[in-house]
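Let me begin by presenting the structure, written as structure tokens, before commenting on it.
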Amino acid sequence: MGVAGVLLAAGNGSRLGQPKATVELAGSTLAERGVALLRDGGADPVIVVTGAIPVEIPGVISVHNPDWESGMGSSLGTGLLALSNGDAEAAVIALVDQPLIGAAAVSRLIAAFRSGAQIAVAAYEGIPRNPVLIARQYWPAVLEMAVGDTGARPFLRAHADLVTLIGCGDTGSPDDVDTQEDLARIRREATVRSKESF
């Protein structure tokens, strides 16, 4: 009975000009980085929700979302439904286009869950972002409210009393890769971070 990981990687990256899952950053694709983030943070099993293109990563369950063009909500639903036959107690949801989030953020969310938090959200300077941990008992309610491109946000807003914010500002950055300019900036940041870690 553990905490699973769900990486949402279904989009076609229309503003970026290519599917984000295949973008390379520091020698890995964004999909590979997202899987490593979840695994290194303690999530097991890890599911990758695909859509625009197939994503095959060894040891990872890939689940295709046929409705990926409708937005993130259907991908979140696909991932949680794929887990519903297993025995995971909770799921950590991460997005493929936030490659600078550190594995320590996932570890902190899981630790918060083990300490009694039912919904744990990574916060940066007090602002809730990603990843997000949701206890199994709330998956049906999340699925009901996850429509269009909103993912878990409507559920989190409707149940703010259940949300535990976990400070993760020191573990990485939640910056998105949406455009080529974003990608160029994040490549620069990733290079600086890799130098700092030596």
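Laboratory data are not the source of any read-out in this text; all were calculated from the coordinates shown. As the structure is a prediction and not an experimental result, all values here were calculated from the model.
Amide H contacts under 5 Å for A90: A4, R136, restricted to partners 5 or more places along the chain or on a different chain, H placed in the peptide plane at 1.01 Å from N. Normalised by the number of residues in segment 91-130, the average gap of Cα pairs under 8 Å and 6 or more apart makes the relative contact order 34 percent.
Convex hull volume of the Cα atoms of segment 35-85, normalised per residue: 81 Å³. Checking (i) 15.0; (ii) 11.3; (iii) 10.5 against mean projected area of the Cα convex hull in nm² calculated from these atoms, the matching label is (iii).
Given an 8 Å cut-off on Cα distances and at least 6 residues of separation, report the relative contact order of segment 3-196 as a percent.
It rounds to 24 percent for segment 3-196.
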